[in-house]
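Peer 1: Dropping the structure in here first, questions after.
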C-alpha cells in the first residue's frame, strides 16, 4: 500500500506475538478468557503503551467506552502518530468522531488521515490496515447515534462548536 511504510515502524514484533482474536459482544473482538480492566485514568502515550503491552486487556475500555489505537502518518512530518480513540461499529467498519471535545478546529489525527487515509488500527490484540473516509451526509445520522451509545458527550461537543464534527469510517483493507 502506498504511504504505509512509515506506519510499519509500529512494533511488529509485538504484532507477531499477538494471537488472532475471536469475536464476542456487539462486533468487538476479544481473546477467550480476557478480563478487561477500565483504563479511565490513562491518557496519551501511557494509554497507548498499556494498550499495546496488554493487547488491549488494559486500555480497550476507557471510562466504559471501547477504544482502539489509530496510527496515522503525520500530514507534515510523515512520521507515525498513534492515539487511543473511542470507536463504534457500522457493519464491518469502525467509526470514530473527530470532535476534539468541541474545539473550533479538527483534531490533528483527522488532518493527518485527510492527507494520508491509509491507517493502521489495533482493536484489542488484532492489528490491521484500514482506509479512512468521512461518513456521507446520508450515513452520518445513524453513525452519530451509534457513537452516542458509546460516548453521549459528543452531542455537547457539537453544541460547543460551529464546525460540523465529522464521523470517520475506517474500512479494513486486505
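Peer 1: Tally time: how many residues in segment 130-150 are buried (at least 18 other Cβ atoms within 10 Å of the Cβ) and either free of Cβ contacts under 8 Å to residues at least 24 places away in the same chain or in contact with a helix residue (DSSP H, G or I) (Cβ under 9 Å, 6 or more places away or on another chain) (or both)?
Peer 2: 4
Peer 1: Here are the criteria: (1) touching a residue at least 12 places away in the same chain (Cβ under 8 Å); (2) surrounded by fewer than 20 Cβ atoms within 10 Å (Cβ to Cβ); (3) touching a helix residue (DSSP H, G or I) at 6+ places or on another chain (Cβ under 7 Å). Tell me which single one residue 115 does not satisfy.
Peer 2: Looking at each condition in turn, residue 115 falls short on (3).
Peer 1: Which one of these is at pLDDT 95 or above, crowded, with 20+ Cβ neighbours inside 10 Å, closer than 18 Å to residue 150 by Cα and out of contact with any helix residue (DSSP H, G or I) (no Cβ under 9 Å at 6 or more places or on another chain): 94, 87, 51?
Peer 2: Values: 87 fails: out of contact with any helix residue (DSSP H, G or I) (no Cβ under 9 Å at 6 or more places or on another chain); 51 fails: closer than 18 Å to residue 150 by Cα.
Criteria check complete, one pass: 94.
The values are calculated or read from the model by the stated rules, or taken from the named source; none is laboratory data. Since the structure is predicted, the reported quantities are computational estimates derived from the model, not experimental observations. Positions of Cβ are backbone-derived with ideal geometry, glycine not excepted, and every protein chain shown enters the neighbour counts.
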